[in-house]
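**Student:** What follows is a single structure, and I will ask about it in a moment.
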Amino acid sequence: QVQLVESGGGLVQPGGSLRLSCAASRNISGINAMVWHRQAPGNQRELVATITSNGSTNYADAVKGRFTISRDNAKNTVYLQMNSLKPEATAVYYCMINTVLGGNYWGQGTQVTVSS
């Protein structure tokens, strides 16, 4: 069973930065995409950023220009660099790995709080 372990969340002031990491417990073959989602209290889970197997990226409009998703295939890790954070970014952030066979692996989530 593959486990995804997220880290890097915490409390940051508005305008600050955080870097989230999500590491898989073992190599996953046939990765189609690696994705970050977030869920704020009372809201539905929403997609934040995606990186495909060929390195193509896609971002939610709310984070374009401020967040950057990247991956290290050798380490089975996906990152989310978050800059110029706003209070509305406060949420639990989840990573997900989608495979070509259709299976999805989810992390347990990491809390990000943007507040002064």
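The values are calculated or read from the model by the stated rules, or taken from the named source; none is laboratory data. Here the structure is a predicted model, which is why all the values come from computation and not from measurement. Quick reminder, even Gly has a Cβ in these numbers, built from the backbone with ideal geometry, and neighbours come from all protein chains shown. For accessibility, only protein heavy atoms count, side chains too; no ligands or nucleic acids. Shrake-Rupley method; radii C 1.70, N 1.55, O 1.52, S 1.80 Å.
**Student:** Identify the residue in segment 11-22 that is more than 11 Å from the chain's Cα centre (by Cα) and part of a strand (DSSP E or B) and, among all such residues, is nearest to residue 98 (Cα to Cα). Walk me through it before giving the result.
**Tutor:** Of the residues in segment 11-22, the ones more than 11 Å from the chain's Cα centre (by Cα) are 11-18.
Now drop any that are not part of a strand (DSSP E or B), which leaves 11-12, 18.
Numbers: 11: 29, 12: 30, 18: 24 Å.
Among those that are more than 11 Å from the chain's Cα centre (by Cα) and part of a strand (DSSP E or B), it is 18.
**Student:** Of the numbered conditions (1) farther than 11 Å from residue 36 by Cβ; (2) modelled with pLDDT of 95 or more; (3) surrounded by 15 or more Cβ atoms within 10 Å (Cβ to Cβ), residue 65 fails exactly one; give the number of that condition.
**Tutor:** (3)
**Student:** Follow-up question, since we're still on this one. From the list 54, 27, 43, pick out the single residue that is part of a loop (DSSP other than H, G, I, E, B), open to solvent by 70 Å² or more (accessible area, probe 1.4 Å), closer than 14 Å to residue 3 by Cα and not hydroxyl-bearing (Ser, Thr, Tyr). Write out each step before concluding.
**Tutor:** Details: 54 fails: closer than 14 Å to residue 3 by Cα; 43 fails: closer than 14 Å to residue 3 by Cα.
From the options 54, 27, 43, the qualifying one is 27.
**Student:** Also, I was wondering about something else. Determine, yes or no, whether residue 77 is open to solvent by 30 Å² or more (accessible area, probe 1.4 Å) and touching a strand residue (DSSP E or B) at 6+ places or on another chain (Cβ under 9 Å).
**Tutor:** Taking the combined requirement at face value, the residue does not satisfy it.
**Student:** Something else now. In this structure, is residue 83 within 14 Å of residue 114 (Cα to Cα) and at pLDDT 95 or above?
**Tutor:** Yes, satisfied.
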